[in-house]
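Asks: Got a structure here, written out as C-alpha cells. Questions coming.
The values are calculated or read from the model by the stated rules, or taken from the named source; none is laboratory data. Keep in mind that what you see is a predicted model, and the values were worked out from it rather than measured. Here the Cβ positions follow ideal geometry from the backbone for every residue, glycine too, while neighbour counts run over all protein chains shown.
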Amino acid sequence: MIVVFGSINLDLIFPLPHIPAPGETVLGPTTRIEPGGKGANQAVAAARDGARVIMAGAVGRDALATDALRLLRDANVDLSRVAEADAATGCAAIAVDPQGRNAIAVGSGANLFACASQIEDALLTPETTLLLRMEVPADQTVALIRRARARGARTVLNLAPALPIDALREVDILVVNETEAEWLAARLGTAASAAAIQDVLGATVIRTLGGDGLETAAERIPARRITPVDTTAAGDCFVGVLGAALDRGQSLTEALHRATAAAALCCTKPGSQGSVPWAAETDAFLQG
C-alpha cells in the first residue's frame, strides 16, 4: 500500500515561445487547466501504475477543489484523508517553452494546513510505502517520518522543492534532482553526487539527472531516448512509479528502470498530472 502525504493543486499551464524574463510579458496561444501538486501527481502516478494509494493533504472549500481532485478520483485514489481548509485550494502557474522546459510559481493555499495527524498509525506498517515531499509544512513531514520509522514503514522523501528539514537521516530513500543535490551538498559540506550525500546521511540517495538519467551510490541508469514535449510532471511521475514498483516487491534497480521509463513517457505528452502514463503504457514502452 502507498500512502502519500503532500500537496494538491490546480495547475494553470501556459505554452509560451520562451520562459518570461523578470519584468517581461510573453503572449501564448492558449491555457490548459488541470490537476497538479507534487503530492497529488505522485499519488496518481503510483495508482496508474497499479498500486493501492491513500492520499492525505488539504484543499480549500472552493470551486477549485473539485477540479484539483478529479484525476485522483479517476485513478481510484482513496481521498478519505484529504481535509478541507479555510484557505484557497493550492494553485500553480506553469510556463512551458517549445523545448519542454518550464518555470513554475505556486500559491500554497490549503496545502499549508496539511497535518500529519490525518494519517493514523494503523496505516504506517512494514507493508506501507510512505511518499513525501516539501510542498506541505516541513514540521508535519518530519513528524510523519518519525512515526513511520518507529512503526517500520518504508519512507521515500522527494526533497522538492529544496528546503530545510530535520529528518533526512531518518528516511529510507531520498530522491533529489541536480539542483536539489547541489543545494543539499552545500549544506552538508560534501560533493553533490549520490554517493557523497549517501555517505553523510545514510539513506539510499537517488539523484535524477534529467536527460542523462539517474545515479545512485551503486549504479547509473541512462534516460530513455524520447523527444520531450513537456517535462512538468516527470519528476513526480518518477517518484510515484518508483514507490509503486517497490511496493510490489521489485528490487531497487528494477524499480528505477521502470520509473525512468514512466518518466520518459510522461515527457512526451503536454500537461502535468494528466501526462502520467498508465501501467500498460509503461509495460509496452519497457518491452519496445
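Asks: Please work out which residue is surrounded by the fewest Cβ atoms within 10 Å (Cβ to Cβ), limiting yourself to the stretch 187-211 and to residues that are hydrophobic (A, V, I, L, M, F, W, C) and within 22 Å of Ala261 (Cβ to Cβ).
Replies: Among those that are hydrophobic (A, V, I, L, M, F, W, C) and within 22 Å of Ala261 (Cβ to Cβ), it is Leu209.
Asks: Looking at (1) over 19 Å from the mean Cα position of the chain (by Cα); (2) buried (at least 17 other Cβ atoms within 10 Å of the Cβ), find the lone condition where Leu184 falls short.
Replies: Leu184 satisfies all of (1) over 19 Å from the mean Cα position of the chain (by Cα); (2) buried (at least 17 other Cβ atoms within 10 Å of the Cβ) except (1).
Asks: Specify which of the listed residues (Ile119, Ile104, Ile94, Ile54) is among the β-branched types (Val, Ile, Thr) and more than 19 Å from Asn158 (Cα to Cα).
Replies: Ile94
Asks: Just to be sure before I move on: is Pro29 touching a Lys or Arg at 6+ places or on another chain (Cβ under 6 Å) and either under 19 Å from Pro137 (Cβ atoms) or not β-branched (Val, Ile, Thr) (or both) in the structure I sent?
Replies: Against the criterion (touching a Lys or Arg at 6+ places or on another chain (Cβ under 6 Å) and either under 19 Å from Pro137 (Cβ atoms) or not β-branched (Val, Ile, Thr) (or both)), Pro29 does not qualify.
Asks: Which of the residues spanning the stretch 108-156 are farther than 22 Å from Leu10 by Cα, charged (D, E, K, R) and outside any helix (DSSP H, G or I)?
Replies: Matches in the stretch 108-156: Glu120, Glu127, Arg154.
Asks: I'd like the residue in the stretch 82-92 that is among the aliphatic types (A, V, I, L, M) and at pLDDT 95 or above and, out of all such residues, is nearest to Thr30 (Cα to Cα).
Replies: In this case the residue turns out to be Ala88.
Asks: Another question about this same structure. Kindly indicate whether any position in the stretch 180-194 is touching a Gly at 6+ places or on another chain (Cβ under 7 Å) and among the β-branched types (Val, Ile, Thr).
Replies: no
Asks: Quick one: would you say Leu252 is surrounded by 23 or more Cβ atoms within 10 Å (Cβ to Cβ) and under 18 Å from the mean Cα position of the chain (by Cα)?
Replies: no
Asks: Based on this model, can you work out whether Asp74 counts as surrounded by fewer than 22 Cβ atoms within 10 Å (Cβ to Cβ), closer than 24 Å to Leu124 by Cβ and acidic (Asp, Glu)?
Replies: No; evaluated as a whole, the condition is false for this residue.
Asks: Does the stretch 85-106 hold any residues that are part of a loop (DSSP other than H, G, I, E, B), more than 17 Å from Gly210 (Cα to Cα) and not hydrophobic (A, V, I, L, M, F, W, C), and which are they?
Replies: Residues satisfying the conditions are Asp86, Thr89.
Asks: Now for a separate question. How many residues are more than 13 Å from Ser275 (Cα to Cα) and touching a residue at least 12 places away in the same chain (Cβ under 8 Å) when one looks only at the stretch 12-36?
Replies: Residues that pass the stated criteria total 13.
Asks: Only one of these is over 21 Å from Leu159 (Cα atoms) and in contact with a Pro (Cβ under 6 Å, 6 or more places away or on another chain): Val59, Val26. Name it.
Replies: Unique residue meeting the criteria: Val26.
Asks: Also, quick follow-up: Go through Ala47, Ala85 for me and flag whichever is surrounded by fewer than 24 Cβ atoms within 10 Å (Cβ to Cβ) and either touching a strand residue (DSSP E or B) at 6+ places or on another chain (Cβ under 6 Å) or among the aromatic types (Phe, Trp, Tyr) (or both).
Replies: So the residue among Ala47, Ala85 that is surrounded by fewer than 24 Cβ atoms within 10 Å (Cβ to Cβ) and either touching a strand residue (DSSP E or B) at 6+ places or on another chain (Cβ under 6 Å) or among the aromatic types (Phe, Trp, Tyr) (or both) is Ala85.
Asks: Taking only the stretch 136-170 into account, find how many residues are within 25 Å of Gly109 (Cα to Cα) and touching a Gly at 6+ places or on another chain (Cβ under 8 Å).
Replies: Looking only at that region, the number is 4.
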